[in-house]
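Reviewing the structure listed below.
We did not get these values from a lab; they are worked out from the coordinates using the rules stated. Bear in mind the structure is a predicted one, so any value in this text is a computation, not a measurement. Here the Cβ is made from the backbone with ideal geometry for all residues, glycine too, and neighbour counts use every protein chain on show.
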Amino acid sequence: MKPLDLDKALNVMPTALTLIGSSWQGRDNVMTAGWAVCCSVKPPLVSVYIYHKWLTRELISKSGEFVVSVLAGDQVAVSEICGTVSGREADKYAKAKLQTRRGEKVNVPLIEGCLANLECKVVAEYEVGDHTLFVGEIVAAHDGGRRDPLVYFERRYADILLKPHDQTGS
């Protein structure tokens, strides 16, 4: 085994790309995130890591809620816009031409066309290096239909090959 550059080491794990939606006192924001993962089944929990200086972090901290919208493989343009435009300077929902509706259990927009939307209430918040880790309980979930997910690997978009499900339980 040979040494791996630490910068490259942070990018060798494939990640599903998501949009993290937030809202506080009438201000909505959305950002692209690769660091979102389910972390418990009972209760159903998801964790997201948000850079400590971003607007999304501020809005989630104040509101105590967020939405995780799982991006599909055909949503690269949405990922690019929501990941490069500042929510302090523009309405990213409008700029990315996202169709939305309010959540049922949280006051954050759900995004039409995503694989799923997970409405979350914050149950824990931790400062972790230069990011804030939010753990949210999934209080409602919405299915957007089955398509390939949008994946990021080694700083570029990647396709995945879905294999048949192993029914043996192994």
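Stokes-Einstein diffusion for segment 4-77 at 20 °C, viscosity 1.002 mPa s, with a Kirkwood radius from C-alpha pairs, works out to 156 µm²/s. For the chain, the number of Lys pairs separated by eight or more positions or lying on different chains, with C-alpha atoms closer than 22 Å, is 10. Exposure proxy shown here: for Met1, Met31, the number of other Cβ atoms within 10 Å sets the order, fewest to most, as Met1, Met31. Per-residue Cβ neighbour counts within 10 Å put Leu162, Leu71, Leu55 in the sequence Leu162, Leu55, Leu71, beginning with the fewest. Counting charges near Cys120 (Lys, Arg +1; Asp, Glu -1) among other residues having Cβ under 13 Å from its Cβ returns a value of -3. Sparsely packed loop sites in segment 5-109 (the GluC sites (Glu not before Pro) outside DSSP H, G, I, E and B with at most 16 other Cβ atoms within 10 Å) comprise Glu89, Glu104.
From the P(r) of segment 16-158, can you give the percent of Cα pairs sitting at distances over 18 Å? Everything past 18 Å amounts to 51 percent.
Ordered by the count of other Cβ atoms within 10 Å of each Cβ, fewest first, Leu161, Leu19, Leu4, Leu133 give Leu161, Leu4, Leu133, Leu19.
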